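Notes follow once the structure below has been shown.
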Amino acid sequence: MISQLFKPRGNSSARALNAVCGLLILLALLALPWADIEVYSVDPWIELGRIGRGLVMPYWDGWQILLQAVGQTIAFALLAVAMAVPLGLALAMLFHWRAVRIFCASIRSVHELFWGLIFMQVYGLSATTGLLAILVPFTGVFAKVFAEIFEQQDRAPAETLGSGARGIKRYAYTLIPQSWPALTSYTRYRFECALRSSAILGFIGLPTLGFHLETAFKQGDYSEAGALLWAFILLIATIRFWLRPRLLPIYILGAIWLLPETIGFSNGGYLWQFISQDIWPKALLAGQWSEAADWYAGMFSSQVWPGIVQTLLLTQLALVLTAIVVLFTYPFASQALAGPVMRWPGRFLLLVLRSMPEMILAFVFLLLFGPSGLPAVLALALHNGGLIAFLVANASDAEFGSRLGRPDDPGGLKRYAYLETPRRFPAMLAFLFYRWEVILRESAIMGILGIATLGFYIDSAFEEIRYDRAFLLILATALLNILVDAVSRRLRRAAGADTPQPGRTH
Amino acid sequence: MSALQTKSKTEGKMVFRLANESLTLGRNPILHGIDMEVSAGEKIALIGPSGAGKTSLLNLLHQQQSGQVALQPQQTGLVDLLSTYQNIFMGALDRVGTLPALWNLIRPLAQHRAEIEKLAETLGLGDKLWQSVDRLSGGQRQRVAIGRALYRQQPIFLGDEPVSAVDPLQAKLLLEHLLDQHETAVVSLHNRQLALEHFDRLVIVVDGRIVCDAPAASLNDAKLDSFYQQDPTPEPPAEPAPAGEWAISGS
C-alpha cells in the first residue's frame, strides 16, 4: 500500500523510498506464515470489557503504597539519568575513538531489563541493581546521541581557537554551549524514557509501578491496575510542569531518600567469580575444547537460532504495522487535517500510546489474546506508531501556516494524500529506521512475558541459574541488535530518507 | 463585500474591488487604505520595491475571489516527493472527486495524463514529467508551478513573481502564454520592462500604499523612477580602480 503511494517511474526520489518500503513489506509478508501469532483466547471481549471498566473506574485503597511506587519509579529514573548524562557526555567527547564507539554500541544494545537480570545476580533485588540497569544502557545512548548532536554543529567557532586549545576546553567553549538547547531537550526526552524503563523494571521485582501493575493484572484487579496506569500516564504527561532545572537538586535529594533501603552490596570477590567463572560454560573453563564446541553447537541449534528467528520475525511484522499505525493516526492529531480543536483527542490518544511502555501494553494484550507473538507485535506497533505519529503530526503543525503553504491548498483526504503524506514521508521513514533497533530490542525482551523470542530463553536461563547460557544468549541479542542497527543505517541512506533531529526516536 | 457585483464598467464586469482596505500583521502595518478595482479582461502588473506589500495585496485579492482564480505564489508550494505530473495535476484537485484523485496517485488518470503531457511539452518539461520535483532546478520548479496554475483552468490569474527564476527570453514567452490563457490577470513583477511591455495597466505599490495606478501606455522607465528607485539589482561590479591610483592617492 505504502509502496504504491508514489508513482515509481522515471528519475524520481520516490523510487528509492518505494523500493525500500516494498522490500520491508515483502519481508513482513514472508514473515507472516512463520511467526507465532495465533489467537488462543476464546473470547477476549469479556476480559477487554473488564479491563475497560477498570480503566474508567480506577480504584486504589492504599494511597500511600501508590505514592511510594510512583516516587520510587521517579527516583530510579532521575538518579540514573543524572549519572548517565555526565558519563555519556564524557564518552561523546571521545567518540572519535573506535573503542569508545564499540563499547557504547555494546552497552546500549542490551535492554534495561536484561541488565537488570544481570545485576540482580550480583547485587540482589536492590537499589544498586535498579540504578545500574538504567544507567548502563542510557550512558551508551547518551554518548551516541550527544556525539551526533556535536557533529551537526557549526565547525567555525572551534576553528577560530588556537590549535593548542584541545579536548575538554574546546568542548566547554564551543560545542557544548553551541548545542546546549539540543542537549537539554534530548535529556528531557530521555528522562521520559527512563521513567518507562524504571516502571517496567517492576516486572523483574523492583518496587516500581510495574511491580504493582503486574500483581494487579495477575489478580484480575483491574480497577487497581487502572489506577496505576492513570498514575503513570499523568506522570508522563505532566513532566514539563514539574521537571524544573532549578528544582533538580531537591528532587535528587528526595530521590536518594526514596530509594529502597536495600543498598545491594557485593564483595569484589563474587563479582569477579561471576565474570570469570559463572558466565562461561564449564567445558570451556576446563579447556575441553571439543566438548565446549558441542555445548555451543547445541545451544545454537536449540535456543539461539530459534530465538533469533522469532525475534526477527516479530520485529519485521511490528515494523510494518508501526508504519501503518502512523499513517492512520497522525492525521487525527494534525492541525492541517483534523483542525485546531479536533486534533486534541487525537493528540491525547497518541500521548497515551507513547507514554505506555510496550511491555505493559503487551502484558494486557497477552491477557486478551493468549500467549503468542501477536500481543507483542500489537504492543510494539501501537507504542512506536503512537510515538512516531506524534512527531509526524508535530512536523505537520510546524509547517502549517508557514511560507510553504498556499491559500489554495486542498483539504481533507486530498490534502492527506497529495500534500501532508508525501511531505512527511521521508522523515517518517527515517524515524522508523531509527526505531527499528528499539523495536528489535523490545521484541527480544518480550520473551520475559513468555513469547518465544530471545528474552524467553534468557529469562529461563536466569531462572535455572544457568548463567553461561544467559550470557551467550544476551551476547547473541546484542550482536543481532548491532547488526540491525547497521542494516537500518544502510537502508536509510539508500532510501535517501532525510535525517531528522537525532535522538527523540532512540 | 461581494466580489461579484454585476455593476458593469467600461471593460466588463468587475472581478475584484478593494475599498479602503488595510492590513496589519502582528503590530506591523502592511497595507494602508488600498482602493483598487479590477474588471474582467484587464491585465494588471503590480510593481514596487521589495517589501512594499505586493504579496499581501495579491493575498487580499485571492481572498475575495478564490473560486475562479489560478494562483501562483512566490513560494511555489510544490510537493517535493511527487512528480512533475502529480504537481501539475494538483491544479485539478478541486474538480476531481476524492476517489479518482487517490487512484491517480497509483495510476495516472488517462485523460489528465494526456492533457498534462501536452501542457508539460509546451512548458519544456516533457522529459521531466515523471521526475520528483526535488530533483529539478529552480527554473524548472517555477515552470511546474506555472503548469499547476495553467491546469487550474480558471479565467483569472494571480501571480507573485511568476517568472523570476527563468532566463529573460523564457520569462517573456511564459508570461505571454500565461496572459494569453487567462482573461484577467494581476501579476506582481520585479522586471519593469516586462511590466511596461505586456500589461495594460500598472499599479505601483510603495510602503503599503498604491502611489500610482495608470495605463501602461502613459508610463515609461523614467516616470517609474520618479515613484521609486529600482532595487539595486546585482549589476556587474564597478571596475576596481587601477592599483596605481591607490598607491599615489596623495598626489
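Values in this text are rule-based calculations from the coordinates and carry no lab data. This structure is a prediction, so every number in the text was calculated from the model and none was measured. Reconstructed Cβ throughout: ideal geometry from the backbone, glycine too, with neighbour counts over all protein chains shown.
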Inset, instruction - Could you rank the peptides A:290-301, B:58-69, A:324-335, B:27-38 by their average count of other C-beta atoms within 10 Å per residue, with the highest value first? - result: A:324-335, B:58-69, B:27-38, A:290-301
Inset, instruction - Give the shape of chain B as rounded, prolate or oblate, defined through the alpha-carbon gyration tensor: a ≥ b ≥ c are the square roots of its eigenvalues, a/c under 1.5 means rounded, and otherwise the shape is prolate if a/b is larger than b/c and oblate if not. - result: oblate
Legend entry - 14 Å cut-off, amide nitrogen to a point 7 angstrom out along B:Lys118 Cα→Cβ, residues in the range B:134-175: B:151, B:153
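What is the gain in length, in nm to one decimal, between A:Phe348 and A:Glu47 on full extension, counting 0.36 nm per residue of separation less the C-alpha to C-alpha distance?
Numbers: separation 301, 0.36 × 301 = 108.36 nm, distance 2.42 nm.
Here the answer is 105.9 nm.
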Legend entry - Percent of beta bridges antiparallel (DSSP, the protein assembly as shown, rounded to nearest 5): 50 percent
Legend entry - Neighbourhood net charge (13 Å Cβ-Cβ; Lys/Arg +1, Asp/Glu -1) for B:Ile146: 0
Legend entry - chain A, dipole about Cα centre (Lys/Arg Cβ +1, Asp/Glu Cβ -1), debye to the nearest 20: 2040 debye
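Where both partners of a DSSP beta bridge lie in the range B:14-223, what percent of those bridges are antiparallel, to the nearest 5? Numbers along the way, then the final one.
On the way: 15 of 32 bridges.
Counting DSSP beta bridges with both partners in the range B:14-223, the antiparallel share is about 45 percent.
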Inset, instruction - Return, ordered by residue number, the residues of the range B:71-97 whose backbone nitrogen is under 12 Å from a label point located 7 Å along Cα→Cβ of A:Ala398. - result: none
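First check a/c for chain A, with a ≥ b ≥ c the square roots of the eigenvalues of its C-alpha gyration tensor; if it is under 1.5, answer rounded, and if not, answer prolate when a/b is larger than b/c or oblate otherwise. Don't jump to the answer; show the numbers that get you there.
Values: a/c = 1.27, a/b = 1.17, b/c = 1.09.
It comes out rounded by the Cα gyration axes.
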Inset, instruction - Taking chain B as the reference, fit the longest principal axis to its C-alpha atoms, fit the long axis of helix B:54-64 to the helix C-alpha atoms, and give the angle between the two in degrees, 0 to 90, nearest 10. - result: 30 degrees
Legend entry - Phi-based couplings in Hz for the range A:298-308 (Karplus 6.51, -1.76, 1.60; Gly and Pro marked x): x, 4, 4, 6, 8, 10, 4, 5, x, x, 4
Legend entry - Two-site FRET efficiency, A:Lys218 against A:Gln68, from Cβ-Cβ distance with R₀ of 22 Å, rounded to 0.05: 0.65
Inset, instruction - Pop the C-beta distance of A:Leu284 and A:Glu463 into the FRET formula with R0 = 25 Å and round what comes out to the nearest 0.05. - result: 0.65
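If Lys and Arg each add +1 and Asp and Glu each add -1, what is the summed charge of the other residues whose beta carbon sits under 10 Å from the beta carbon of A:Leu175?
Working: positive: A:Arg155, A:Arg170; negative: A:Glu151, A:Asp154.
For residues surrounding A:Leu175, the net value is 0.
Placing +1 at every Lys and Arg Cβ and -1 at every Asp and Glu Cβ, with all other atoms neutral, what dipole size does the range B:14-223 have around its Cα centre, in debye to the nearest 20? Provide the component values of the computation, followed by the final result.
Working: 19 positive and 22 negative charges, 84 e Å.
In debye, rounded to 20, the range B:14-223 gives about 400.
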Inset, instruction - Output the relative contact order of chain B, whole-number percent, from Cα pairs under 8 angstrom with separation of 6+ residues. - result: 25 percent
Inset, instruction - Can you check what the net charge comes to around A:Ser396, using other residues whose Cβ is under 9 Å from the Cβ of A:Ser396 (Lys, Arg +1; Asp, Glu -1)? - result: -1
Legend entry - Cross-link table B:Lys13/B:Lys128; B:Lys54/B:Lys128; B:Lys118/B:Lys172, entries beyond 30 Å C-alpha to C-alpha: B:Lys13/B:Lys128; B:Lys54/B:Lys128
